[in-house]
Amino acid sequence: MKEQIGVMLSSSEVENRISEMAAAIDKAYEGKTIHLIGILKGSVFFMCELAKRMKSPVTMDFMSVSSYGDGTKSSGIVKLNKDLDESIEGKDVIIVEDILDSGRTLSYLVKLLGERKPASLEVVTLLDKPDRRVIPVDLYMTGFEIPDRFVVGYGLDCAQKYRNLPYIGVIEQ
Ligand code: XMP
Ligand code: MG
């Protein structure tokens with residue numbers, strides 16, 4: 001059966017919110033170079049849109065972890081697939097992630113990167129599903145709190161599909 005995608009958050013809603021987030025980060029980090037760490041692959045669209053709107057000097061690196069299989073169920077285990085290219089020692093680091101769900105991925109990353117002596121370490125996500133939290137994570141900022149629905153688009157996938165949708169959608173069977 002062909003999947004129908006409903007719109008949860010339109011392109012303009014997402015983009016307006018990202019502009020607000022970029023301005024708030026610039027204000028809080030005034031005078032600092034911000035080292036953005038994008039978590040592949042889901043964060044890529046959000047990371048680009050956020051970075052494009054930031055006026056602070058920005059450097060970037062990427063990491064890849066997996067906690068989900070190919071479907072919509074968590075495996076519960078976080079695996080490091082690709083580490084950073086550069087050291088983060090002494091840098092003002094912001095981890096940029098698509099969505100905070102159970103908290104397993106981000107709590108693993110905060111612990112791992114926190115041990116590498118960054119000057120500061122914060123987490124920013126486009127989406128937050130607070131109802132699903134298993135492990136608490138301190139979010140510096142999130143774009144939207146959303147209900148417990150599996151979402152796609154803006155980098156988020158279902159079995160690698162739909163990442164390129166320019167809005168946040170929900171799959172309606
Ligand atoms: P945890 O549970 O570790 O999950 O906080 C974070 C990762 O799980 C993926 N995830 C989703 N991916 N639609 C997706 O496409 C969703 O609704 C969803 N919820 C969680 C995502 O990769 C995220 O980085
Ligand atoms: Mg992800």
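The values are calculated or read from the model by the stated rules, or taken from the named source; none is laboratory data. Quick caveat, the model's predicted, so the values are computed rather than measured. Neighbour counts run over all protein chains shown; Cβ positions are idealised from the backbone, glycine included.
If I filter segment 32-51 for residues that are of a type in the set (S, T, N, Q) and closer than 18 Å to Asp128 by Cα, do I get at least one hit? Taking every residue of segment 32-51 in turn, at least one turns out to be of a type in the set (S, T, N, Q) and closer than 18 Å to Asp128 by Cα.
Filter segment 9-40 for residues that are of a type in the set (Ser, Thr, Tyr) and assigned to a helix (DSSP H, G or I); which is farthest from ligand 1 (Cβ to nearest atom)? It would help to see each step written out before you state the result.
Initially, segment 9-40 is screened for residues of a type in the set (Ser, Thr, Tyr), giving 10-12, 19, 29, 33.
Remaining after also requiring assigned to a helix (DSSP H, G or I): 11-12, 19.
Values: Ser11: 17, Ser12: 21, Ser19: 23 Å.
Here the answer is Ser19.
Annotation note: of Arg116, Arg149, Arg132, the sole residue that is over 27 Å from Ile34 (Cα atoms) and either away from ligand 2 (no atom under 15 Å from the Cβ) or over 17 Å from the mean Cα position of the chain (by Cα) (or both) is Arg149.
Please state which one of Ser11, Ser64, Ser107 is surrounded by fewer than 18 Cβ atoms within 10 Å (Cβ to Cβ), under 24 Å from Gln160 (Cα atoms), under 14 Å from the mean Cα position of the chain (by Cα) and of a type in the set (Ser, Thr, Tyr). Give the steps one after another, and end with the answer.
Working: Ser11 fails: under 14 Å from the mean Cα position of the chain (by Cα); Ser107 fails: surrounded by fewer than 18 Cβ atoms within 10 Å (Cβ to Cβ).
Testing whether each residue is surrounded by fewer than 18 Cβ atoms within 10 Å (Cβ to Cβ), under 24 Å from Gln160 (Cα atoms), under 14 Å from the mean Cα position of the chain (by Cα) and of a type in the set (Ser, Thr, Tyr) leaves just Ser64.
Is there a residue being farther than 22 Å from Pro136 by Cα, out of contact with any Pro (no Cβ under 7 Å at 6 or more places or on another chain) and assigned to a strand (DSSP E or B) anywhere in segment 73-88? It would help to see each step written out before you state the result.
If we filter segment 73-88 for residues that are farther than 22 Å from Pro136 by Cα, which is where we start, we get 81-88.
Adding the requirement that they be out of contact with any Pro (no Cβ under 7 Å at 6 or more places or on another chain) leaves 81-87.
Those still in the list that are assigned to a strand (DSSP E or B) too: 81-82.
Yes, that holds for at least one residue.
Scanning segment 102-117 for residues that are touching a strand residue (DSSP E or B) at 6+ places or on another chain (Cβ under 9 Å) and either touching a residue at least 60 places away in the same chain (Cβ under 8 Å) or within 12 Å of ligand 1 (Cβ to nearest atom) (or both) returns Ser102, Arg104, Thr105, Leu106, Ser107, Tyr108, Leu109, Val110, Leu113.
Would you point out the residue of segment 127-173, among those that are out of contact with any helix residue (DSSP H, G or I) (no Cβ under 9 Å at 6 or more places or on another chain), of a type in the set (D, E, K, R) and closer than 20 Å to Gln4 by Cβ, that is farthest from ligand 1 (Cβ to nearest atom)? Once the filter is applied, the top-ranked residue is Glu172. Tell me whether segment 80-91 contains one or more residues that are closer than 29 Å to Ser10 by Cβ, crowded, with 17+ Cβ neighbours inside 10 Å and not aliphatic (A, V, I, L, M). Checked against the condition, which is being closer than 29 Å to Ser10 by Cβ, crowded, with 17+ Cβ neighbours inside 10 Å and not aliphatic (A, V, I, L, M), segment 80-91 yields no hits at all. Of the residues Gly69, Gly31, Gly76, Gly90, the single one that is more than 26 Å from Arg149 (Cα to Cα) and either at pLDDT below 95 or of a type in the set (S, T, N, Q) (or both) is Gly31.
Going through (1) within 8 Å of ligand 1 (Cβ to nearest atom); (2) more than 20 Å from Glu15 (Cα to Cα); (3) at pLDDT 95 or above; (4) among the β-branched types (Val, Ile, Thr) one by one, Ile99 falls short only on (2). If only residues of segment 41-52 that are out of contact with any Leu (no Cβ under 7 Å at 6 or more places or on another chain) and not in a helix (DSSP H, G or I) are counted, the one that is modelled with the lowest pLDDT is Lys41.
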